[in-house]
Each structure stands twice: as C-alpha cells, then as structure tokens.
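Structure first, commentary second.
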Amino acid sequence: MTCILGIETSCDETAAAVVDDGVHVHSSVVASQTDLHAKYGGVVPEIASRAHIERLDAVVEEAMTRAGCASADLDAVAVTYAPGLVGSLLIGVTGAKTLAWAWGKPLIAVHHIEAHAISPAIGAEAPPWPAVALIASGGHTSLFLVRDPDHIERLGQTTDDAAGEAFDKVATILGLPYPGGPQIDRVARNGDPRRFDFPRTWLRRDSLDFSFSGVKTAVLYHVNGKGRTRGGLEKLSAQDIADVAASFQEAVVDVLVRKTMKAAELAGVRCVVMGGGVAANSRLRAAMTQACGERGVVFRAAEMAYCIDNAAMIAAVGYYKWRRGEFASLDLDAKPT
Ligand code: KG4
Ligand code: ZN
C-alpha cells in the first residue's frame, strides 16, 4: 500500500486526507468557510487565506488522527498547487513543503482540475477507463478524455462563466442565499422546468466548449425586464421563483448532458464520469443517468463527499504521480491559473 497525505486549500475549503493507493480513504477532513463568506455573497480572497492559515494545522492533525496514521506511515505529501486563489494556494503549498521537509517525505504537486477528473474513482471500484469526464464547479466547467488516471486530455472548457458560477449568480438574482447552487437545486424541486424557455448556448457545431453567461443574463432580464438589472424580484411569487430556478437549471443541465454525450460519441468511449461541486446537483445526476442509460454508456458520478473540494482527490492524484516518480522540489510555487 502507498499512503499519501493530501492537502487542498485552492479556494474556500481547508482540507486534508489520508488515502492508500489512490482509492482507500482513511480520512477526509474538510473545514468549509461558507459561513465566513456568506454575508459578502462570494469568496473574499483575503478572508479565505487568513482562515486557511488558522485552520490548516488542525485539519491536517485531524486527518492523521482519524486515519490512525503517524508521519512514518506516509509515503509522500501531495498538495494542490494550481489553479485557484493565489493567497489560498500559497498556504497549502507552504504547509505541505514544511511537512515534507520536516518528515523527510517526497512532495507531490497536484493540479486541482485533474483531481476532480479522477474523483469518481475514489472510494469505489475504478470506472472502466477510458471515460469522458465532465468537471463542473464554481471555477471551472470542462470535458476531459481520461484514458486512464495517468493520461488525461482536455476536450473542451467554458469560454466565460463556469456552470457553478452561473448557478451562484442566478441564485443572487432570485434572492437566494450563498452558495446558490444547492439553493437552486432545492427550490427547483417545486418548480416547472418547462415554464420558461431559457437559451441554451451550443457554440460551433460539435463544439465541446461551454458558455453560460447568456442564460444568466436571460434570467436577469426575465426577472427585472429587458435591459434592467434590478427591481423585478418583488413582483415574483414563490412559485414564479421556483419556476425560474427550475427552468434555468434545466437549460444548464441540458447543455451539460448533451455536450458530454457528444464528447463520448466523438471520442468513441463507453463510460462517462462526473465530478466538481455542480455534479452534486440532483437534476444533473438524474438527467446524466438517464442519457447514459439510453445509450448503454456506463455512468459514474463522484460520491457527494468527493464532488465538492476535498483533499482525498488530491491524495489520489498524488498516488498516480508517486507511481510515475513525478515529485516536486521545495521551490514549488503556487500557480493561480
Ligand atoms: O468544486 P467546488 O466545491 O469548488 C470549486 O472548485 O469551485 O464547487 C462549488 C460550486 C459552487 O458554485 C456551488 O454553487 C456549486 O458548486 N454547487 C451546486 C450544487 N452544490 C454545489 N450547483 C448546483 N447544484 C448543487 N446541488
Ligand atoms: Zn474544485
């Protein structure tokens, strides 16, 4: 068994995990900062980095204790070095470098999005690679071809807003609290997804890129009146809000599912996996399950705990890099993009 400590601080979750062989999770601790950022309606970078400094030691200690693990049991320390908020990334990278140096362990640099792409394999039987991976989160929406965990190629990405960002912004337009994605998911359950026909942006024929700024603006103008950015919400009933949320969610889910199916068809693969915060969306999980079922394609969504930002997925990628002998030096730097 190869035992890796993973550390993740790229945005507003301080996380540490101890994972064997990239799949057996002994502990996965996530300290969310949602309460600190809620009143600002979004993540405030300075508050995020300060909270990471305050919490990282305790989160790592908790992960080691829950796993019943001593530093001598570890084979390496893996950390997210990119992409994310630079101040937040720096805290994790500095913490990981310090532990790797003090414990005499190799350091491994992990790309956050690559980690989301293999998150559906954590704590579960490995998907039958090759697979198309849809990764939809607050910062990213991308399609990857995962030939296996050692060979990952990007097929497409968003040209403007990420899907989660659109969920969060539409939730703000509808007066729902931050973070908006889970709120839209909840409110939409009582809404009619066919009441409003919000636009789907397909871009070029067969394009595997995404664009979600159009649907967000369409909701804004629908609520306030064309060209207006505020003042319309008071006129909407609770049912209207639920119908707007459901119709918006349906437009986003429709694009995500159809482009993922197109990617699988173009790549000639029979397996689809899904990760990232938006992969927790109940309508998206149901629609993707149905679309894959109709085509005889195997579908695996990451477990809920591994959809949102977590360090188990960082330790998992750390394992594959450890196998390939890809280690970082102690001058590793954080890369925001
Ligand atoms: O992966 P994640 O935790 O962080 C980033 O790397 O961005 O994703 C957070 C995003 C947020 O935009 C949040 O609103 C969205 O995922 N999200 C959801 C749901 N749960 C989280 N969006 C739609 N439906 C959900 N149930
Ligand atoms: Zn993420």
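The values are calculated or read from the model by the stated rules, or taken from the named source; none is laboratory data. In this text the structure is predicted, and so the values were computed from the model without any measurement. Methodologically, a virtual Cβ is constructed for each residue, glycine included, from the backbone with ideal geometry; neighbour enumeration extends over all protein chains shown. The area values use the complete protein model at the heavy-atom level, side chains included, leaving out ligands, DNA and RNA. Shrake-Rupley method; radii C 1.70, N 1.55, O 1.52, S 1.80 Å.
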May I ask you to compute the full-extension gain from residue 270 to residue 172, defined as 0.36 nm times their residue separation minus their alpha-carbon distance, rounded to one decimal in nm?
-> 31.5 nm
Write down the accessible area per residue of segment 13-54 in Å², having rolled a 1.4 Å probe over the full set of protein chains.
-> 45
Helix 282-295: angle to the longest alpha-carbon principal axis of the chain, degrees 0 to 90, nearest 10?
-> 90
Give, as ranges by residue number, the residues of segment 190-229 whose backbone N falls under 11 Å from the point 7 Å along Cα→Cβ of residue 254.
-> 193-202
How about segment 1-86: which trypsin sites (Lys or Arg not before Pro) there are in a DSSP loop, with at most 13 other Cβ atoms within 10 Å of their Cβ?
-> none
Coarse-grained scattering of segment 116-263 at q = 0.08, 0.12, 0.20 Å⁻¹, given as base-10 log I(q)/I(0) from a Debye sum over alpha-carbon atoms | -0.25, -0.53, -1.17
What number comes out for the charge environment of residue 2, summing +1 per Lys or Arg and -1 per Asp or Glu over other residues with Cβ under 10 Å away?
-> -2
Where Rh is the Kirkwood radius over Cα pairs, Rg/Rh for the chain = 0.99
By how many degrees, between 0 and 90 and to the nearest 10, does the Cα long axis of helix 86-103 differ from the longest principal axis of the chain?
-> 20
Label-reachable residues, segment 176-198, where backbone N falls under 14 Å from a point 7 Å from residue 238's Cα toward its Cβ | 187-191
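Taking all protein chains as present, what is the carbon and sulfur share of the accessible area of the chain, in % to the nearest whole number, probe 1.4 Å?
51
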When the Karplus curve 6.51 cos²θ - 1.76 cosθ + 1.60 is applied with θ = phi - 60°, which whole-Hz ³J(HN,Hα) does each residue of segment 189-194 get, with x for Gly and Pro?
-> 4, 9, x, 9, x, 9
Place a label point 7 angstrom from the Cα of residue 46 along the Cα-to-Cβ direction, then list the residues of segment 62-94 whose backbone nitrogen is under 12 Å away.
-> none
State to the nearest 20 debye the size of the charge dipole of segment 246-312 about its Cα centre, where the only charges are +1 on K and R beta carbons and -1 on D and E beta carbons.
-> 180
